[in-house]
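The structure appears right after this line, and notes come after that.
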Amino acid sequence: MTFKFPFAVEAIIFFTCSCNYSYETIQYEYIYQVVSEQHNYTANSSVEYCTVNQSTSAREHIVADEVSRWSMYANVAYYLTCALFSVLITSWSDKIGRKIAIAFPVFGTVIASAAQTVIIIYRFPLYWIVVVNLIYGTSGAYGALLNIGAAYLSDNIDAEHRDRRFTILDVAASLGGGAIQIATGYWIDSGGFISSSFFITGCAMIAIIFIPMMSPFNRRKRHEEPVNTETHSETDPLLPRSQNETDKDEFFDCSSKFLAANADDGNTEVKNSLTNDKNTKFDFFSQIKVVWKIYTTRQIVCNICQSGQVSQRQICFHGDNVRRERLWRIWFFVVSYAMYMFAVNGGESFRTMFFVSFPVCFTPGLVGLQNGLENGLVALDPIVLYLCKSLLHLSSQTILLTAIFTRLSSALMMSFAEGPPLVFAATSFGIIFNLSTPIIRSQISLLVSSSEQGSALALVSGIESLFNIFSPIVFLHIYPATLYISHGFAWIIETLILCIPLVLLMTIWIVDKRRVNTEHSSSVG
């Protein structure tokens, strides 16, 4: 009998991201070392960015240009293929199951890290780095990993608990990647690239152990307790009114019924992710069509309901397979996610230059402290979420709006920073704004059925990968071009972009509030 572990997907993401984050760190530093040696520039001379008269050697410019070029080649090769295949693999997980699908990015990370280790040992030409990144991207990599994990949790967790588990999922990724990345940095200084490369490859291999441990949990509890219609009215405001008025004892989530029906079949995994589609053959165009259909129609594709596994006298959670107002809501969430990631990734691309330049003038130690503080605050997010919901009784939408507004405020504070106090004050807001992405994923998952989780989150995977290419390019042009206006003008651009998701999400919040107030007035009257 296979051992089951309820936090298996978090463990997979923790160890895989431990390798993924440091894989890039080792890659960039190795490229710099190789190029420096080729041009007889083996030491990274310290540059005083805050001095009035800067003078850098011609050789240093040559090295910097070539390192940037090879880094760009590696990035484009990785993120372009990742943007495409993360969409396809995440969507395909609805047919082949989450366990098989998540194996693609995990094994891809192991293979890529091992191949990079071989390149470093035998000093292969740098174009092999580009080739490895091109292959690594075909596994879906980080984008597929995180969103398949989110789809897996959506399959097995009730709506009211998804925000918390999605947040823990992000914490696992950030802590695993951040902690090992810091250790790898010191390890490279003391022991070189080879030993640290072996170590991170081993971390990714540990993740493989947890893949067979993935399985649904709390299955019987979800079946035995009928879904409370009042609760669903809050977490899912799109149910038709006729269903909200239905007898509670006859209202069931169809995925719970399916789980219970298969409780004793000797296989605790929900086969094919709650779908009766036996055709698991990979078809590029059909997967794209599935994703597109979700974002262009209000109809819910629920294979459990359509297969007749829910009794006729029990009402399906999905409202006759049409979910009112789903289309514009899901696009509002996706566009909000896209604009949020564009702004955040863009800000990260010029952040270090901003810190070490006049007038902030951070030392390397202060830069490391700022990065450590931002990554460390992620660990507190589950506690913050619990306090917001349990003590303050805030809804997910309200918390999400607060998180976006906090990120906007943090960027605005950075634009006025002239030293450590304002920088670290803005960074401390991360205790709230890091909740943005997991809650958006959670809200998207509530708008689709169990048969559509992977396909709905697939578009999120592609957006994340694409913007890792384009937003740094945009902001790295904006930052130097606007220095004559203000040293922090690029942060103001980020603030303006963040206004877009804030307005879109506020629109959803207002519509939901008005709907709840209208229904309350009708029931009182």
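Just so it is clear, none of the values below were taken in a lab; they were calculated from the coordinates. What you see is a predicted model, and the numbers here were worked out from it, not measured in a lab. Cβ sites come from the backbone with ideal geometry, for glycine too, and all protein chains shown count toward neighbours.
Once the piece of chain linking LEU476 and THR402 is laid out straight, how much longer is it, given 0.36 nm per residue of separation minus the C-alpha distance between them?
Working: separation 74, 0.36 × 74 = 26.64 nm, distance 2.83 nm.
Net length gain for the segment: 23.8 nm.
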Note: probe point = Cα of VAL76 + 7 Å toward Cβ; backbone nitrogen < 15 Å; residues of the range 101-127 passing the test are 127
For ASN40 and PHE124, FRET efficiency with R0 = 22 Å and r from the beta-carbon atoms, rounded to 0.05? 0.60
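Tally Lys and Arg at +1 and Asp and Glu at -1 over the other residues with C-beta under 13 Å from the C-beta of GLY143: what net charge comes out?
Working: positive: ARG441; negative: GLU464.
Combined, the nearby Lys, Arg, Asp and Glu give 0.
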Distance (nanometres) between label positions extended 7 Å along Cα→Cβ at THR518 and ALA183: 5.5
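Given 10 °C and 1.306 mPa s, compute D for the range 81-191 with the Stokes-Einstein relation, Rh being the Kirkwood radius over Cα pairs; round to the nearest whole µm²/s. Could you put the intermediate results ahead of the total?
On the way: Rh = 15.6 Å.
It diffuses with D of about 102 µm²/s by this estimate.
So which of LYS95/LYS293; LYS4/LYS99; LYS389/LYS513; LYS99/LYS389; LYS95/LYS289 end up more than 24 Å apart by C-alpha? Before the final figure, lay out each step's value.
Working: LYS95/LYS293 16 Å; LYS4/LYS99 13 Å; LYS389/LYS513 17 Å; LYS99/LYS389 31 Å; LYS95/LYS289 14 Å.
The answer is LYS99/LYS389.
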Please give the direction-averaged projected area of the C-alpha convex hull for the range 370-474, in square nanometres with one decimal. 8.3
Tell me, Kirkwood radius of the range 331-410 from alpha-carbon pair distances, in Å? 14.9
Answer rounded, prolate or oblate for the range 434-519, using the Cα gyration tensor with square roots of eigenvalues a ≥ b ≥ c: rounded when a/c is under 1.5, else prolate when a/b is larger than b/c, else oblate. oblate
Just in the range 347-435: which chymotrypsin sites (Phe, Trp or Tyr not before Pro) are loop by DSSP and have at most 13 other Cβ atoms within 10 Å? PHE416
Rough spin-label spacing in nm, given labels placed 7 Å along Cα→Cβ, for PHE358 and ASP65: 2.6
Can you give the net charge of the other residues whose Cβ lies under 11 Å from the Cβ of ILE431, counting K and R as +1 and D and E as -1? -2
If Lys and Arg each add +1 and Asp and Glu each add -1, what is the summed charge of the other residues whose beta carbon sits under 13 Å from the beta carbon of ILE440? +1
